[in-house]
Amino acid sequence: MLETAINALREVQANILSHRVAYMRGGEGGYVRATIGRTIFRTTNEYGSWVRTESQDFIFRKGELDLVPQVGDIIIFDGSEYEVLAPQGESVWRWSDPYHSAIRVHTKLVGEEANE
């Protein structure tokens with residue numbers, strides 16, 4: 001029953017809350033739909049101080065991407081470029097729920113789109 005509810009929610013997200021983004025790898029790519037999110041990472045640095053890092057996340061429905069996200073991929077959204085990466089050896093993506101209906105890809109803003 002919970003899986004059915006999550007799948008219904010993903011359908012609503014795709015139809016109402018998602019945005020068209022370009023997903024690029026090695027200069028090639030295409031357009032897909034993604035819901036925008038964020039993740040807060042908390043780690044300690046070499047001095048023992050806590051460091052808070054906020055990731056701009058893109059949530060893709062299962063099957064939306066035809067590849068596994070990896071470090072260095074670029075997502076272009078709203079005139080800005082985001083590089084796929086995560087701090088301190090964390091995975092750059094994870095399943096967004098226990099039923100694997102969507103993946104959450106962590107990114108960092110790296111600049112404005114070159115061809116705006």
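Cβ-Cβ under 7 Å, sequence separation 6+ or interchain: first residue in segment 65-86 and over 15 Å from residue 26 (Cα atoms), partner part of a loop (DSSP other than H, G, I, E, B) and of a type in the set (Asp, Glu). Which pairs?
From residues that are over 15 Å from residue 26 (Cα atoms), the pairs are 79/113; 79/116; 80/113.
State all residues of segment 87-106 that are touching a residue at least 60 places away in the same chain (Cβ under 8 Å), under 20 Å from residue 51 (Cβ atoms) and of a type in the set (Asp, Glu); if no residue qualifies, say none.
Once the filter is applied, which keeps residues that are touching a residue at least 60 places away in the same chain (Cβ under 8 Å), under 20 Å from residue 51 (Cβ atoms) and of a type in the set (Asp, Glu), segment 87-106 yields nothing.
Has segment 3-14 got any residue that is within 19 Å of residue 112 (Cα to Cα) and either modelled with pLDDT of 95 or more or not basic (Lys, Arg) (or both)?
There is no residue in segment 3-14 that is within 19 Å of residue 112 (Cα to Cα) and either modelled with pLDDT of 95 or more or not basic (Lys, Arg) (or both).
Please go through (1) without any contact (Cβ under 8 Å) to a residue 60 or more places away in the chain; (2) at negative phi for residue 6 and return the number of the only condition it doesn't satisfy.
Condition not satisfied by residue 6: (1).
Do any strands (runs of 3 or more DSSP E) lying entirely in segment 1-109 carry at least 1 residues that are open to solvent by 70 Å² or more (accessible area, probe 1.4 Å), and which ones are they?
So the answer is 19-25, 28-44, 50-61, 93-95.
The values are calculated or read from the model by the stated rules, or taken from the named source; none is laboratory data. Everything numeric in this text was worked out from a predicted model, so none of it was measured. Neighbour counts are summed over all protein chains in view; Cβ atoms, including those assigned to glycine, are modelled from backbone coordinates with ideal geometry. The area values use the complete protein model at the heavy-atom level, side chains included, leaving out ligands, DNA and RNA. Shrake-Rupley method; radii C 1.70, N 1.55, O 1.52, S 1.80 Å.
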